[in-house]
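Contents: one structure, followed by commentary.
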Amino acid sequence: MKAKKSLGQHFLRSEKALRAIVETGDINHGETILEIGPGRGVLTKKLLEAGAKVIAVEKDDELYELLRQVYEKEIENGKLELIHGDIIEFDLSKLAAKTYKLVANIPYNITGAILKKFLETNCQPERIVLLVQKEVAKRIVAQDGKESILSVSVKVYGAPRYIETVKAGSFTPMPKVDSAIILIDNISKKYFAHFSEKDFFTTVRTGFKSKRKKLSSNLSAIFAKEKVLETFRKLNLDENLRAEDVGIETWGKLVTHLCSD
Ligand code: SAH
């Protein structure tokens with residue numbers, strides 16, 4: 001069976017990486033783990049061995065068939081629920097378990113869509129452990145002058161941590177770049193107690209709009225310039241600040257002031 005590029009198929013073959021992923025998942029016996037793209041089932045096997053109840057969603061027809069045969073027993077005794085489908089279309093409100101964790105080596109071409117789906121939903125996982133491209137992992141945890149829409153969008157929902165690098169040679173076929181295990185812990189929507197997610201993301205996207213402009217100038221595209229400058233003064237923020245300099249705490253204050261009448 002040839003690996004399909006269109007489905008982002010890079011199969012993990014490093015025992016060390018597999019162990020690190022499962023360890024980072026901090027799996028308790030009997031808890032539900034959702035796995036995206038089980039592939040040939042290397043991670044699925046470890047998750048089952050750790051005592052998890054695994055729900056695995058695989059899009060590929062052939063791999064789904066293969067897994068169904070290999071894991072016939074586990075499927076029969078309810079340890080593994082194998083779902084043939086696209087994770088992006090998967091309805092999370094259908095999950096029977098109240099709490100679950102997302103643990104997976106995902107297809108990299110849908111990393112952004114996966115993060116968005118699992119962080120913005122009302123059925124958030126307790127924690128997320130993913131293998132992603134190393135550069136993406138670095139961008140997610142970046143701070144102090146290196147914030148981005150991506151880093152901010154993750155941090156408002158949970159605490160991301162760069163766990164470890166996984167070399168390109170740990171996969172077959174070998175991807176072009178190195179990967180990394182990332183953990184997103186303490187997931188919740190607590191951050192949005194005083195303003196809406198909609199107002200927040202509109203403000204952040206506007207703030208990052210033009211790379212060459214200061215944050216205050218970008219924000220003046222949708223808020224009155226006077227209000228923006230007054231808010232900066234009130235919050236003791238430097239007028240020359242760039243969006244990349246702003247952490248989620250300050251973003252929260254900005255949105256609170258700017259989006260109130
Ligand atoms: N987890 C396996 C395979 C990783 S490769 C391993 O570590 O070896 C990515 C896997 O995701 C492949 O099995 C691919 O078929 C599957 N996949 C790709 N797009 C998907 C989607 N939209 N929904 C579910 N699975 C998908």
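Scan segment 1-18 residue by residue and report those that are over 10 Å from L47 (Cα atoms), in a helix (DSSP H, G or I), within 13 Å of the ligand (Cβ to nearest atom) and not hydroxyl-bearing (S, T, Y). Before you say what the answer is, go through the steps one by one.
As a first pass, look at segment 1-18 and keep what is over 10 Å from L47 (Cα atoms): 1-17.
Next, from what is left, pick out any that are in a helix (DSSP H, G or I): 5-7, 15-17.
Next, from what is left, pick out any that are within 13 Å of the ligand (Cβ to nearest atom): 5-7, 15, 17.
Result: K5, L7, E15, A17.
When E226 is evaluated against the numbered criteria (1) open to solvent by 20 Å² or more (accessible area, probe 1.4 Å); (2) outside the structural domain of L131 (by TED's automatic domain parsing); (3) touching a helix residue (DSSP H, G or I) at 6+ places or on another chain (Cβ under 7 Å); (4) outside any loop (DSSP other than H, G, I, E, B), which criterion, by number, is the only one it fails?
(3)
Can you report the number of residues in segment 51-90 which are open to solvent by less than 30 Å² (accessible area, probe 1.4 Å) and touching a residue at least 60 places away in the same chain (Cβ under 8 Å)? Break it down into steps so the answer makes sense when it comes.
Looking only at segment 51-90, we keep the residues that are open to solvent by less than 30 Å² (accessible area, probe 1.4 Å), and these are 51-52, 54-58, 60, 63, 67, 71, 80, 82, 85, 87.
Restricting the remaining residues to those that are touching a residue at least 60 places away in the same chain (Cβ under 8 Å) gives 63.
Number of matching residues: 1.
Scan segment 35-77 for residues that are more than 6 Å from the ligand (Cβ to nearest atom) and touching a Ser or Thr at 6+ places or on another chain (Cβ under 8 Å) and report the count.
Final tally of qualifying residues: 8.
How do the helices (runs of 4 or more DSSP H) wholly within segment 92-198 filter down when requiring 3 or more residues that are open to solvent by less than 30 Å² (accessible area, probe 1.4 Å) and either away from the ligand (no atom under 16 Å from the Cβ) or not assigned by TED's automatic domain parsing to the domain that holds L43 (or both): which remain? Outline the logic, then answer.
On the way: elements: 111-120, 134-141, 149-155.
In segment 92-198, the matching helices (runs of 4 or more DSSP H) lie at 149-155.
Looking at segment 172-207, which of its residues are under 18 Å from the mean Cα position of the chain (by Cα) and closer than 18 Å to L43 by Cβ?
Of everything in segment 172-207, those that are under 18 Å from the mean Cα position of the chain (by Cα) and closer than 18 Å to L43 by Cβ turn out to be S179, A180, I181, I182, L183, I184.
Given the condition in the same structural domain as M174 (by TED's automatic domain parsing), in a strand (DSSP E or B) and surrounded by 20 or more Cβ atoms within 10 Å (Cβ to Cβ), answer yes or no: does some residue in segment 35-50 qualify?
First, pick out the residues of segment 35-50 that are in the same structural domain as M174 (by TED's automatic domain parsing): 35-50.
Add one more test, that the residue is in a strand (DSSP E or B), and what stays is 35-36.
If we keep only those that are surrounded by 20 or more Cβ atoms within 10 Å (Cβ to Cβ) too, we end up with 35-36.
The answer is yes; a qualifying residue exists.
Find all pairs meeting these conditions: Cβ atoms under 8 angstrom apart; at least six residues apart or on different chains; first residue within segment 106-117 and within 14 Å of V177 (Cβ to Cβ); second residue open to solvent by 40 Å² or more (accessible area, probe 1.4 Å) and within 8 Å of the ligand (Cβ to nearest atom).
Y108/H10
The values are calculated or read from the model by the stated rules, or taken from the named source; none is laboratory data. Being a predicted model, the structure only gives us computed values, none of them experimental. Methodologically, a virtual Cβ is constructed for each residue, glycine included, from the backbone with ideal geometry; neighbour enumeration extends over all protein chains shown. Each accessible area value is taken on the protein alone, full model and side chains, heavy atoms only, with ligands, DNA and RNA left out. Shrake-Rupley method; radii C 1.70, N 1.55, O 1.52, S 1.80 Å.
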